[in-house]
1. Between helix 102-113 and the chain, what is the angle of the helix's C-alpha long axis to the longest principal axis, kept within 0 to 90° and rounded to the nearest 10?
2. At what distance in angstrom do the alpha carbon centres of segment 251-272 and segment 79-111 lie from each other?
3. What are the ³J(HN,Hα) values, in whole Hz, obtained from phi via the Karplus relation 6.51 cos²θ - 1.76 cosθ + 1.60 with θ = phi - 60°, for each residue of segment 27-41 in sequence order, with x given for Gly and Pro?
4. Would you mind telling me the share, in percent, of accessible area of segment 9-101 contributed by carbon and sulfur at probe 1.4 angstrom?
5. Give the cross-link partners of residue 317 among the aspartates and glutamates, using a straight C-alpha distance below 14 Å as the criterion and excluding same-chain residues fewer than 8 apart.
6. Determine the share of segment 265-322's accessible area contributed by carbon and sulfur atoms, expressed in whole percent, with a 1.4 angstrom probe.
7. What dipole magnitude, in Debye to the nearest 20, does the chain give about its Cα centre under +1 on Lys/Arg Cβ and -1 on Asp/Glu Cβ?
8. How much of the accessible area of segment 148-215, in percent, comes from carbon and sulfur atoms when a 1.4 Å probe is used?
Amino acid sequence: MSNLNKIISVIIPVYNVENYIEKCLNSIVNQTYNNLEIIIIDDGSTDNSIAIAEKIAENDKRIRIISQVNQGVSSARNLGLDNASGEYILFIDSDDWLDLETCKIALDTMIKHDADVVMWPYISEYPLNSKVNLFFENKDIVWDETNIEELRRRMVGPINEELFMPHALDSVVTVWGKLYKRSAINNVRFVDINEIGTEDALFNIEAFNKVNKTVYISSVFYHYRKDNLKSITHSYKFARVHQWLELYTKIEQFIKINNLNSNYNLALNNRICLGLIGLGINLAEDKKIKYHIKKSELKKILSMDHYVSSLNALDFKYLSFKWKIFFILARNRSINLFYILLFIMNKLRGR
């Protein structure tokens, strides 16, 4: 019962999610663990999102709403960290939701193991079905001083047998689906998503370099909404190719500065290759972009030096047959066949 005085700061960036925020907030305010500090960062919403949040906040004094002009999710999360007073930090995206026992089970696990981070898998919630994403084995796992280096490297990217599921590249690096001990991630900040394209990976690469103990719970608590068509994950951004190049450059610099071993460089090489999956499917699913423009964009991407060199260095022996075909087509720049495969893969994802 001594756990009850531990404060969990729940940080929720909000931008134009009026259709989803009520479900998200209800999943937080109704947690079976009550000692929460719920920090909503209004990132310049122009719809009714904040009005809905304010109505819920009228009946729950744990909720604070902080507003800023629109600066993106990275800035919103940093502002949340600046205003958090809890010993523990939990991030959730405002169109997603949690099972109601998430905070209690995560905190109990954190204290039982004296861990710095507790993490768990998630469910992708598509319009017609749901898909469980177990990015490790279907059992609880503890990383401590004997094996934490393996998890730190995994934040950079997969190697060897981990390549068997390349589509799960970034499942493990999300900042949601984790409970952090605040003291373990002090001074780690989110880099602007407009600079590096995706903020979670770099945050966790830096955070886990300071983490000494992590526990993975195989129970699925997080529901990742995949039917929000306004989400940035549903539209292709032409700038993302160059943003991700900046991300890879920053990761490479991090590896050098911290004098990390060669497995980290191999992991980064594989991350670059596997990034083609997300880029390609994102391009294939964007119905606003004409086919000939998509082909031109794929040709440009597959001709970029860092993709050419990383594809040439990719070890195919750990890939399943489907992914061998995928990366052979990418390496050979067989644009038409590559696009057809991307189109099929997108259709099979549950949309």
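The values are calculated or read from the model by the stated rules, or taken from the named source; none is laboratory data. None of these values were measured; they are calculated from a predicted model. Note that each Cβ is placed from the backbone with ideal geometry, even for glycine, and that neighbours are counted across all protein chains shown. Keep in mind that these areas ignore ligands, DNA and RNA; they rest on the heavy atoms of the full protein, side chains included. Shrake-Rupley method; radii C 1.70, N 1.55, O 1.52, S 1.80 Å.
1. The helix 102-113 is inclined about 90 degrees to the chain.
2. So the two Cα centres are separated by 30 Å.
3. Working through the residues one at a time gives 6, 8, 5, 9, 4, 5, 9, 9, 7, 10, 10, 9, 10, 9, 9 Hz.
4. Roughly 43 percent, rounded to a whole number.
5. Leaving aside aspartates and glutamates fewer than 8 places away in the same chain, those within reach of residue 317 are 161, 162.
6. Numbers: 1560 of 2660 Å².
That fraction is 59 percent.
7. Numbers: 43 positive and 42 negative charges, 281 e Å.
Approximately 1340 debye in magnitude.
8. Whole-percent figure for carbon plus sulfur exposure: 44.
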